[in-house]
1. Between GLU59 and GLU99, take the C-beta separation as r, use R0 = 35 Å, and let me know the FRET efficiency to the nearest 0.05.
2. Over the stretch 9-110, what is the mean sequence separation of C-alpha contacts under 8 Å (at least six apart), divided by residue count, expressed as relative contact order in percent?
3. How much of the DSSP bridge set in the stretch 1-106 is antiparallel, in percent, rounded to the nearest 5?
4. For the chain, what mean projected area does the convex hull of the alpha carbons give, in nm²?
5. For a quick check: with amide H placed at 1.01 Å from N, whose amide H comes under 5 Å from GLY63's, ignoring anything fewer than 5 positions away on the same chain?
6. HN-Hα J couplings of the stretch 95-109 from phi, Karplus 6.51/-1.76/1.60, θ = phi - 60°, integer Hz, Gly and Pro as x?
7. Under a GNM of the chain (C-alpha, springs under 10 Å), which listed residue has the highest mean-square fluctuation: GLY90, GLY35, GLY23?
Amino acid sequence: MRTIRVVAAVIRDGDRIFATARGYGEYKGGWEFPGGKIEPGETAREALAREIREELDTEICVGELIDTIEYDYPSFHLSMDCFWCTVREGTLTLREAEEARWLTADTIDSVDWLPADRGLIGKVKREIGG
């Protein structure tokens, strides 16, 4: 099974995190932390900054690694490095996602997370829930 390496940004503003609903593909409409594939020659942090610039027209500060999620989808294995991030500049403009929300510890379970992203919800909830 092929492995796809991706990065995801848990963009935080106080006790809120930013989530997007996928705007395309097999998992369209599923909620995820924004990010994307690591290109050859990029570090995970460089890839994440580039992806957020491309997808959300925003410059972010990439902070510490929260976790690396390993998940087997039917046709590939996903290895996803997830980082805490903050907005440095920009307004999180949706270029690819169909919807976005700021979620709190109380509302984080109100969206239908994609399977790989679900693995991160417990850690994120504990951190932003105080």
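Bear in mind that the values in this text are calculations on the coordinates, not laboratory data. Predicted model, so just to flag it, every value in this text is computed and none were measured. Positions of Cβ are backbone-derived with ideal geometry, glycine not excepted, and every protein chain shown enters the neighbour counts.
1. Values: r = 22 Å, r/R0 = 0.63.
That gives a FRET efficiency of 0.95.
2. On the way: 192 pairs, mean separation 36.0, N = 102.
For the stretch 9-110, the relative contact order is 35 percent.
3. Working: 24 of 33 bridges.
Looking only at bridges with both residues in the stretch 1-106, the antiparallel portion is about 75 percent.
4. Values: hull surface 29.5 nm².
With the hull built on Cα positions only, its mean projection is 7.4 nm².
5. The list, which skips near neighbours in sequence, is TRP84, CYS85, THR86.
6. These are the phi-based 3J(HN,Hα) values: 9, 10, 6, 8, 7, 8, 8, 8, 10, 10, 4, 6, 10, 4, 8 Hz.
7. GLY90
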